[in-house]
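To start, the structure itself, in structure tokens.
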Amino acid sequence: KAAMIRSASTGEILLRRDFAGDVIAAFSPTGQHVLIATCCEQNMTESFGDTYLDTTISRMMTLDAATGEVLLSFTYHGPVSSAAWSPTGDYLLTASEGIATLWNASTGEALREFKGQGRDGDGRHGPGTAVFSPAG
């Protein structure tokens, strides 16, 4: 699977990055950066004795949209299904199985989690969609 940036006028591929998992991408408000979130790596962690728990890891990175240079890389322990930039470009928001996480776009630090978001009609947690209002 791949993330590609194409020329809007010619369709030419300007930048391509290949990834092992599902790929989500979102441009910053200025168009100078792109957030890439890949899902889902499986991570085996020891729980009790010989019993192992399987956890999902999503990897996120911000890239320079012109060069493809990785500016920031960070992880989330869960499947990220959607991502967005704030209108100012200062924050990122990801959605994952009923949890929305607000991130500092400069450091990758998780600032706040909003739990219980994205319930479907049956009261179950759905994947949700990450969206900012135009006012931020």
Would you grab the residues whose amide H sits under 5 Å from the one on S28? Only those 5+ places off in sequence or on another chain, please, with H modelled 1.01 Å from N.
H33, V34, L35
For an R0 of 22 angstrom, estimate the FRET efficiency from the Cβ-Cβ distance between F19 and A110 and round to the nearest 0.05.
0.50
Show me the ranking of peptides 91-100, 66-75 by mean Cβ neighbours inside 10 Å, starting with the highest.
91-100, 66-75
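FYI, it's all coordinate maths here, none of it is from the lab. Computed from a predicted model, the values in this text were never measured in an experiment. Note: ideal-geometry Cβ built from the backbone for every residue, glycine included; neighbour counts use all protein chains shown.
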